[in-house]
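A.B. asks: Right, I'll just put the structure down here and ask away after.
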Amino acid sequence: MENKELGTLYIVATPIGNLDDITLRAIKILNMVDIIAAEDTRHSLKLLNHLEISKPLISYHRHNEEIKKDILIKKLKEGKDIALISDAGTPGICDPGEEIIKKCIEEDIRIIPIPGACAMINALISSGISTREFIFLGFLPLNKKSRKEKLKEIEEINKTIILYEAPHKLKNTLLDLKEILNDREIVLARELTKIHEEFVRENIDILIEKAEEFKGEIVLIIEGNKQVRENKLNELTLEEHYKFYESQGLNKKDIIKKIAKDRNVNKNEIYQNFI
Ligand code: SAM
């Protein structure tokens, strides 16, 4: 049970570019809390000034997480409410947050998420690539061995893949991806919610050619490996295969057609099993 005497940690999403992308609830919470823990206090001051919010700020970033986590927990235990914000978007998504959240759970401190902007979700929903199942991998590792392993993993994934990337590393990342993607669809989403917002739906060779032109903040959306997807379906029993398509809202006739196509057999043969 959470202790009512303790403060609450609000995880507050802030804009990823356009300052209007903040919810009424987020503004209310930022006005209400005792302290705001921000990744870069100078950066967040711009947003807070824009919202005319003046609150004590504590910096909380990757390099001071360990020390600042204890200070924040102490304040929460004294009954202070804290809002955690990052430089952009949703804290905890490739941003600090995970550690303090784990610690709050250990200490029975209440955590309340205040939803809002997140680059990966907005890139995904605008990409035109399947949103049914997806996997977010953040930034590719820079360490050679871990990077190779991650690329191997991406080669096999049959769900939509989302990556974050910095513009100066984009070309290398695209060259590495080219080795494993074959003809998979890829969308580059850039500068979301900002003046130069752009979705580039080109094949990977063209993206590589133009890589140096893509400035600003970047998300890559990559189609899952269809081959693996088809192989996996064929490993299912007929009933499981049927249920898979049923869960996608298809009717019996279409399901049977699809199963027959996946298994390369006549549809009557499949139909016999579902009379
Ligand atoms: N917490 C953030 C979120 O909710 O998306 C992500 C923070 S992470 C440190 C920064 C990366 O997110 C950038 O390198 C870029 O890949 C992606 N990103 C953030 N804002 C973006 C935007 N406006 N357009 C495209 N990508 C963005």
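A.B. asks: For the stretch 134-144, enumerate the residues that are more than 12 Å from the ligand (Cβ to nearest atom), of a type outside the set (Phe, Trp, Tyr) and assigned to a strand (DSSP E or B). Break it down stepwise before answering.
C.D. replies: Step one: filter the stretch 134-144 for residues more than 12 Å from the ligand (Cβ to nearest atom), giving 134-135, 141-144.
Subsequent filtering for residues that are of a type outside the set (Phe, Trp, Tyr) retains 135, 141-144.
If the condition is that a residue be more than 12 Å from the ligand (Cβ to nearest atom), of a type outside the set (Phe, Trp, Tyr) and assigned to a strand (DSSP E or B), then 135 is the only one that fits.
A.B. asks: Would the stretch 145-152 turn up any residue that is more than 13 Å from residue 186 (Cα to Cα) and in a loop (DSSP other than H, G, I, E, B)? Working first, answer last.
C.D. replies: Step one: of the stretch 145-152, the residues more than 13 Å from residue 186 (Cα to Cα) are 145-152.
Imposing the further condition that a residue be in a loop (DSSP other than H, G, I, E, B) reduces the set to none.
No; the residues of the stretch 145-152 include none that is more than 13 Å from residue 186 (Cα to Cα) and in a loop (DSSP other than H, G, I, E, B).
A.B. asks: Go through the stretch 77-110 and give me each residue that's part of a loop (DSSP other than H, G, I, E, B) and of a type in the set (Val, Ile, Thr). First the steps, then the outcome.
C.D. replies: First, pick out the residues of the stretch 77-110 that are part of a loop (DSSP other than H, G, I, E, B): 78-81, 86-88, 90-97, 107-109.
Scanning the stretch 77-110 gives 90, 93, 109.
A.B. asks: List pairs: first residue in the stretch 150-170 and without any contact (Cβ under 8 Å) to a residue 12 or more places away in the chain and open to solvent by less than 50 Å² (accessible area, probe 1.4 Å), second residue in a strand (DSSP E or B) and small (Gly, Ala, Ser) anywhere in the structure, Cβ distance under 9 angstrom, at least six positions apart or on different chains.
C.D. replies: Qualifying pairs under 9 Å: none.
A.B. asks: Would you confirm, using the coordinates I've provided, whether residue 221 is within 16 Å of the ligand (Cβ to nearest atom) and either surrounded by 13 or more Cβ atoms within 10 Å (Cβ to Cβ) or closer than 24 Å to residue 137 by Cα (or both)?
C.D. replies: Working: within 16 Å of the ligand (Cβ to nearest atom): yes; either surrounded by 13 or more Cβ atoms within 10 Å (Cβ to Cβ) or closer than 24 Å to residue 137 by Cα (or both): yes.
Here the answer is yes, as residue 221 does meet what is asked.
A.B. asks: Can you confirm whether residue 271 is among the hydroxyl-bearing types (Ser, Thr, Tyr), surrounded by 15 or more Cβ atoms within 10 Å (Cβ to Cβ) and modelled with pLDDT under 90? Can you show your working first?
C.D. replies: Numbers: among the hydroxyl-bearing types (Ser, Thr, Tyr): yes; surrounded by 15 or more Cβ atoms within 10 Å (Cβ to Cβ): yes; modelled with pLDDT under 90: no.
When the stated conditions are applied, residue 271 does not pass them.
A.B. asks: May I pose another question? Going by what's in this entry, would residue 271 be described as in contact with a Cys (Cβ under 8 Å, 6 or more places away or on another chain) and either in a helix (DSSP H, G or I) or closer than 28 Å to residue 22 by Cα (or both)?
C.D. replies: Details: in contact with a Cys (Cβ under 8 Å, 6 or more places away or on another chain): no; either in a helix (DSSP H, G or I) or closer than 28 Å to residue 22 by Cα (or both): yes.
Here the answer is no, as residue 271 does not meet what is asked.
A.B. asks: Right, here's the next one. When you look at residue 244, is it aromatic (Phe, Trp, Tyr), under 20 Å from residue 16 (Cβ atoms) and either open to solvent by 70 Å² or more (accessible area, probe 1.4 Å) or modelled with pLDDT under 95 (or both), yes or no?
C.D. replies: On the way: aromatic (Phe, Trp, Tyr): yes; under 20 Å from residue 16 (Cβ atoms): no; either open to solvent by 70 Å² or more (accessible area, probe 1.4 Å) or modelled with pLDDT under 95 (or both): yes.
For residue 244, the condition - aromatic (Phe, Trp, Tyr), under 20 Å from residue 16 (Cβ atoms) and either open to solvent by 70 Å² or more (accessible area, probe 1.4 Å) or modelled with pLDDT under 95 (or both) - is not met.
A.B. asks: Considering each of 181, 177, 207, 192 in turn, give the residue that is near the ligand (Cβ under 10 Å from one of its atoms) and open to solvent by less than 30 Å² (accessible area, probe 1.4 Å). I'd like the intermediate steps shown before the answer.
C.D. replies: Working: 181 fails: near the ligand (Cβ under 10 Å from one of its atoms); 177 fails: near the ligand (Cβ under 10 Å from one of its atoms); 207 fails: near the ligand (Cβ under 10 Å from one of its atoms).
Of 181, 177, 207, 192, the one residue that is near the ligand (Cβ under 10 Å from one of its atoms) and open to solvent by less than 30 Å² (accessible area, probe 1.4 Å) is 192.
A.B. asks: With the structure loaded, tell me whether residue 229 is open to solvent by 20 Å² or more (accessible area, probe 1.4 Å) and within 16 Å of the ligand (Cβ to nearest atom) or whether it fails that test. First the steps, then the outcome.
C.D. replies: Values: open to solvent by 20 Å² or more (accessible area, probe 1.4 Å): yes; within 16 Å of the ligand (Cβ to nearest atom): no.
Here the answer is no, as residue 229 does not meet what is asked.
A.B. asks: Anything in the stretch 111-133 that is near the ligand (Cβ under 9 Å from one of its atoms) and either outside any helix (DSSP H, G or I) or in contact with a helix residue (DSSP H, G or I) (Cβ under 8 Å, 6 or more places away or on another chain) (or both)? List them, or say none. Walk me through how you get there before you give the answer.
C.D. replies: Applying the first criterion (near the ligand (Cβ under 9 Å from one of its atoms)) to the stretch 111-133 yields 116-123.
Correct list: 116, 117, 118.
A.B. asks: Also, I was wondering about something else. Quick one: residue 88 ticks every box in (1) within 16 Å of the ligand (Cβ to nearest atom); (2) among the hydrophobic types (A, V, I, L, M, F, W, C); (3) under 20 Å from residue 24 (Cβ atoms); (4) open to solvent by less than 10 Å² (accessible area, probe 1.4 Å) bar one, so which box is it?
C.D. replies: Looking at each condition in turn, residue 88 falls short on (4).
A.B. asks: Restricting the search to the stretch 130-161, which residues are more than 16 Å from residue 120 (Cβ to Cβ) and touching a strand residue (DSSP E or B) at 6+ places or on another chain (Cβ under 9 Å)? Reasoning before the result, please.
C.D. replies: Restricting attention to the stretch 130-161, the residues satisfying the condition of being more than 16 Å from residue 120 (Cβ to Cβ) are 141-153, 155-156, 158.
Scanning the stretch 130-161 gives 150, 153.
A.B. asks: Further question: Are there any pairs, at least 6 apart or on different chains, whose C-beta atoms fall under 7 Å, with the first in the stretch 182-193 and in contact (Cβ under 8 Å) with a residue 40 or more places away in the chain and the second near the ligand (Cβ under 6 Å from one of its atoms), and if so, which?
C.D. replies: Listed pairs, sorted by first residue: 189/219; 191/17; 191/217; 192/16; 192/17; 192/119; 193/16; 193/17.
A.B. asks: Scan the stretch 259-268 for residues that are under 18 Å from residue 231 (Cβ atoms) and either over 33 Å from the mean Cα position of the chain (by Cα) or modelled with pLDDT under 90 (or both) and jot them down.
C.D. replies: Within the stretch 259-268, the first condition is being under 18 Å from residue 231 (Cβ atoms), and the residues that meet it are 259-265.
260, 261, 262, 263, 264, 265, listed by residue number.
The values are calculated or read from the model by the stated rules, or taken from the named source; none is laboratory data. Since we're looking at a predicted model, the values are computed, not measured. Ideal geometry is used to build each Cβ from the backbone, glycine not excepted, and the neighbour counts take in all protein chains shown. Ligands, DNA and RNA are excluded from the accessible area calculation, which covers all protein heavy atoms including side chains. Shrake-Rupley method; radii C 1.70, N 1.55, O 1.52, S 1.80 Å.
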